[in-house]
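*Asks:* Quick one: the structure is below, and I'll ask about it shortly.
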Amino acid sequence: MPEAPQFPAGPFVADDVHDDRWRSAWIDEIERAPTRLREAVAGLSDGQLDTRYRNWTIRQIVHHLADSHLNGYGRFKLALTEERPTIKPYDESRWSLLADAQRAAVEPSLQLLEGVHARWAYLLRSLAPDAFERSFYHPESRE
């Protein structure tokens, strides 16, 4: 297996603002994200999808977003239903080397993102403010 490319967006940095206005804007962004991604890749040829941006191709980035957001949604639901659960990390760079991330059409990942984000936004809007104080333990960051 070739050397895994480096994660293209850098490490996650959490925002400490947690008021209702921030939360509403955040949920709106989650809901809109799949449409914005679909618009960004609309009409791209396979050659263009296979163009590298830093260390990953556009195709790998689209598939990574689907993988990552599916994991994020699951982790969020674990935090809502369990007391500070330990989540299972996954190696995003190695996942990007698998055949589906390297060669599959992006449409299934776009559809997956649309479904996950619709469910996630619905769930987020249904929560009381104190639900956003729940957390999980991530063994890689030890937080």
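The values are calculated or read from the model by the stated rules, or taken from the named source; none is laboratory data. On a predicted model such as this, the values are computed, not experimentally measured, just so you know. We place every Cβ from the backbone using ideal geometry, glycine too, and count neighbours over all the protein chains shown.
*Asks:* List every residue pair whose Cβ atoms sit under 6 Å apart, with the two residues 6 or more apart in sequence or on different chains, where the first one lies in segment 47-66 and is at pLDDT 95 or above and the second, anywhere, is β-branched (Val, Ile, Thr) and in a helix (DSSP H, G or I).
*Replies:* From segment 47-66, the pairs are Leu49/Ile58; Thr51/Ile58.
*Asks:* Any chance segment 123-130 includes a residue that's over 14 Å from the mean Cα position of the chain (by Cα), over 22 Å from Ala33 (Cα atoms) and either surrounded by 14 or more Cβ atoms within 10 Å (Cβ to Cβ) or among the charged types (D, E, K, R) (or both)?
*Replies:* yes
*Asks:* Need the failing condition index for Phe132 against (1) out of contact with any helix residue (DSSP H, G or I) (no Cβ under 6 Å at 6 or more places or on another chain); (2) at pLDDT 95 or above; (3) part of a helix (DSSP H, G or I); (4) over 13 Å from Ala66 (Cβ atoms), just the number.
*Replies:* (2)
*Asks:* So, one more: Of the residues Thr35, Thr81, which single one is loosely packed, with under 11 Cβ neighbours inside 10 Å, modelled with pLDDT of 95 or more and of a type outside the set (D, E, K, R)?
*Replies:* One residue alone meets the criteria, Thr81.
*Asks:* Taking only segment 42-91 into account, find how many residues are part of a helix (DSSP H, G or I) and either more than 20 Å from Tyr137 (Cβ to Cβ) or not aromatic (Phe, Trp, Tyr) (or both).
*Replies:* Count: 26.
*Asks:* Can you pull out every residue in segment 113-143 that is of a type in the set (A, V, I, L, M) and out of contact with any Pro (no Cβ under 9 Å at 6 or more places or on another chain)?
*Replies:* Ala121, Leu123, Leu124, Leu127, Ala128, Ala131
*Asks:* Hey, Arg94 hits all of (1) closer than 19 Å to Arg36 by Cβ; (2) touching a residue at least 24 places away in the same chain (Cβ under 8 Å) but one; which does it fall short on?
*Replies:* Result: Arg94 passes all but (1).
*Asks:* Please indicate, with yes or no, whether at least one residue in segment 94-111 is among the small types (Gly, Ala, Ser), under 28 Å from Asp20 (Cα atoms), out of contact with any helix residue (DSSP H, G or I) (no Cβ under 9 Å at 6 or more places or on another chain) and at pLDDT 95 or above.
*Replies:* Within segment 94-111 (the criterion being among the small types (Gly, Ala, Ser), under 28 Å from Asp20 (Cα atoms), out of contact with any helix residue (DSSP H, G or I) (no Cβ under 9 Å at 6 or more places or on another chain) and at pLDDT 95 or above), the answer is no, since none of the residues qualifies.
*Asks:* Okay, moving on. Can you tell me which of (1) more than 25 Å from His138 (Cβ to Cβ); (2) acidic (Asp, Glu); (3) more than 19 Å from the chain's Cα centre (by Cα) is the one Glu39 doesn't meet?
*Replies:* (3)
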